[in-house]
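The next block holds one structure in the form of structure tokens; read it before the comments.
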Amino acid sequence: MIALLQDKATVEQATCVKLRRATPEDREALLTMYRSFEPKAAAMGLPPRKDLEKWLDSLVTCSNFVVVVEGLLVGHSALCTEAGSGEVAVFIHQDYRSRGLGKLLLGEMVNEARRLGLRRIWGIAELDNLPMLRLAHSLGFTRGEEPGEFHIDLSQQTPHDHEISAT
Ligand SMILES: CC(C)(COP(=O)(O)OP(=O)(O)OC[C@H]1O[C@@H](n2cnc3c(N)ncnc32)[C@H](O)[C@@H]1OP(=O)(O)O)[C@@H](O)C(=O)NCCC(=O)NCCS
């Protein structure tokens, strides 16, 4: 079980919130986070209820970033590219939500998409996944054609629109 931080200020004031690219050494910590992650399968079937290892294997060719608080891996995002476009997904462990960490990760995914020269970054969430849809909206994503789809046309934006720095 991941330890509960008591309030929002705790994370915001922490000196050791790290946002960084995932490495192979993060695999066990990722599995630990996802084993206790709730709700499972709520984000278009992700994170999966079973075959977590297989799912993580399927993401190795994507850009993976993690958020580590006080040495504990509590957030993960992946940007998977195809034909100049990148699909993003963000996951913050329930004990660490509503503290700005999802915004930190999603902002970095936009920066990564730009570094990769992508024309578009997009994601999809259930229509009742208000936290994800509002998070996306707060970073400038707009509705796509599919229900629950959110996207940014990166060719329309200035380079520093989404820079959010980790402490
Ligand atoms: C969606 C998710 C990543 C958000 O992460 P988070 O760290 O809790 O989000 P943040 O604290 O960075 O919030 C950023 C913005 O998102 C919105 N938001 C976050 N939680 C919210 C909630 N419970 N209700 C409504 N809006 C919410 C707000 O607009 C917020 O901005 P504000 O704090 O200025 O109001 C997280 O809830 C999660 O992991 N959910 C389960 C997995 C999932 O659904 N992933 C989406 C896959 S595409």
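Assorted remarks:
- Residue order, fewest to most beta carbons within 10 Å, for HIS93, HIS76: HIS93, HIS76
- Backbone phi angles across the stretch 95-100, fed through the Karplus curve with coefficients 6.51, -1.76 and 1.60 (θ = phi - 60°), yield HN-Hα couplings of 6, 10, 7, 6, 10, x Hz in residue order; Gly and Pro are listed as x.
- Using Cβ point charges alone (K and R +1, D and E -1), the dipole size of the stretch 17-156 about the Cα centre works out to roughly 320 debye.
- Between the listed residues ILE121, PRO147, LEU104, the Cα displaced farthest toward the positive end of the dipole of the stretch 17-156, a dipole computed from Cβ unit charges relative to the Cα centre, is found at LEU104.
- Listed values for the stretch 22-33 are Karplus-derived 3J(HN,Hα) couplings in whole Hz (6.51 cos²θ - 1.76 cosθ + 1.60, θ = phi - 60°), namely 6, 10, x, 5, 7, 4, 4, 5, 5, 4, 4, 4, and x replaces Gly and Pro.
- Take every DSSP beta bridge whose two residues both sit in the stretch 17-156; close to 90 percent of them are antiparallel.
- Here the spin labels are modelled as points 7 Å beyond Cα on the Cα-Cβ line, and at LYS18 and SER155 they lie 3.8 nm apart.
- When the GluC sites (Glu not before Pro) in the stretch 53-156 are filtered for DSSP coil states and for at most 16 other beta-carbon atoms within 10 Å of their beta-carbon, the remaining sites are GLU70, GLU126, GLU145.
- Sequence-ordered 3J(HN,Hα) estimates for the stretch 47-55 from the Karplus curve with 6.51, -1.76 and 1.60 and θ = phi - 60° stand at x, x, 5, 9, 6, 4, 5, 4, 4 Hz, glycine and proline given as x.
- Average Cα contact separation per residue, the stretch 59-129, under 8 Å, 6 or more apart, as relative contact order %: 28 percent
- Gyration tensor verdict on the stretch 1-150 (Cα atoms; rounded if a/c is under 1.5, prolate if a/b is larger than b/c, oblate otherwise): rounded
Each reported figure results from applying straightforward, stated rules to the coordinates on display, with no laboratory input. Just so we're clear, the structure is a prediction, and the values are computed from it rather than from any experiment. Note that we place each Cβ from the backbone using ideal geometry, even for glycine, and neighbour counts take in every protein chain shown.
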